[in-house]
Structure formats: C-alpha cells, structure tokens
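The values are calculated or read from the model by the stated rules, or taken from the named source; none is laboratory data. In this text, all values refer to a predicted model and were calculated from it rather than measured experimentally. Neighbour counts are summed over all protein chains in view; Cβ atoms, including those assigned to glycine, are modelled from backbone coordinates with ideal geometry.
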Amino acid sequence: MRVVIQRVSEASVTVEGRVTGQIRSGLLILAGFESDDNSEDIEWVSGKISRLRIFPDSEGVMNLSLAEADGSLLVVSQFTLHASTKKGNRPSYIRAAPPYKAKELYEKFIAKLHQDTQKDVQTGIFGAMMQVKLINDGPVTIIMDSRNKE
C-alpha cells in the first residue's frame, strides 16, 4: 500500500462536475493498493497517519497530529501510485491491485482511518475520472509505503 499525504489548507475532488469530497485544513491522502496488500498494511498506514505530527503548534513547529490540529481528511484512490517506469516510456501498472480488490481495500482503509481518527472521511469515487484541487500547506508532502516502513 502506497500513500501520498499532503497537508492542505483546502482540497476537493470533483466527478462529472459534482464535488464528491471537500475539506478545509487537513490531509489529502492519495491511496494506491497492490495485489498483496491486506489488513495489516491498512492498519499500519492508518495508524501512522493518525499519529503523524505534521501540523504546526503555537511556536510554528510541526508538532501536532491531525486530531490535535482539528484537521479533516480527504481520501482519493490512485492506482497510478504503483506505476513502474523501469522499461520504456509507457508506465506499467502490473503491481496495482485489480479493481475489485483495490475497491475493497480502499473501503477498509477509509473505515480504519475513521476509526483511528474519529473523524469523518471525505472521498472521491473509486474508479472514476476525478479532478482533485488542493492548496498544499507548507508545502508538506509525505510518501508512505507499507512495504518499506521507514
């Protein structure tokens, strides 16, 4: 499981001209799933996200978690996070989970994030063509991969 986490001052996702998810200050999470991902991957990533101290405290130091900063969550599925560009110029997505499995993992990830953060989770629509707008705050962007826990 691979995620790109962006601290945002606002973000939204639109599908066919309709806003399906929108937040103010918080985290935009782009989430991609591999065929081998399971509940352990979801638990590790969700736990890390819920405890990440990347919001500024009163001194301007990144020292607060999402809950402490009263932030919001927006999660968007993005299979292209598993693109391989090793050969040629056309990316391969062979490592990405097939849609039926990725959708199940995506829904479990959203539920786990809700459980871990006690916050509503705004979303895009799985498998849809989406337009994502964001204002990255900082900028702060963090990449996590459950296969490479660093």
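Pairing each residue of segment 98-115 that is modelled with pLDDT of 95 or more with any residue that is part of a helix (DSSP H, G or I) and surrounded by 13 or more Cβ atoms within 10 Å (Cβ to Cβ), provided the two are 6+ apart or on different chains, yields C-beta distances under 6 Å for K108/I42; F109/I42; K112/I42; K112/S46; L113/S46. Against the test of being surrounded by fewer than 22 Cβ atoms within 10 Å (Cβ to Cβ) and modelled with pLDDT under 95, the options S12, S35 yield a single qualifying residue, S35.
Of the set (1) of a type in the set (G, A, S); (2) under 22 Å from V19 (Cα atoms); (3) assigned to a helix (DSSP H, G or I), all apply to G127 but (3).
A quick yes/no check of all residues on (1) among the basic types (K, R); (2) within 20 Å of K119 (Cα to Cα); (3) out of contact with any strand residue (DSSP E or B) (no Cβ under 7 Å at 6 or more places or on another chain); (4) in contact (Cβ under 8 Å) with a residue 40 or more places away in the chain:
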| residue | (1), (2), (3), (4) |
| --- | --- |
| M1 | no, no, no, yes |
| E59 | no, no, yes, no |
| A69 | no, yes, no, yes |
| T85 | no, no, yes, no |
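Among the criteria (1) out of contact with any strand residue (DSSP E or B) (no Cβ under 8 Å at 6 or more places or on another chain); (2) farther than 14 Å from V45 by Cβ, the one D120 does not fulfil is (1). In a residue-by-residue description of segment 40-48, the property of being of a type in the set (S, T, N, Q) and in contact (Cβ under 8 Å) with a residue 12 or more places away in the chain applies to at least one position. Number of residues in segment 132-147 that are under 15 Å from the mean Cα position of the chain (by Cα) and farther than 18 Å from R7 by Cα: the value is 1.
May I ask you to verify whether E150 is within 20 Å of E34 (Cβ to Cβ), acidic (D, E), more than 13 Å from the chain's Cα centre (by Cα) and modelled with pLDDT under 95? Judged against the criteria, E150 is a match. Just one residue in the set V121, V76 is in contact (Cβ under 8 Å) with a residue 60 or more places away in the chain and either surrounded by 13 or more Cβ atoms within 10 Å (Cβ to Cβ) or acidic (D, E) (or both); that residue is V76.
Among the residues making up segment 83-105, a single one is touching an Asp or Glu at 6+ places or on another chain (Cβ under 6 Å) and either polar (S, T, N, Q) or assigned to a helix (DSSP H, G or I) (or both): L105.
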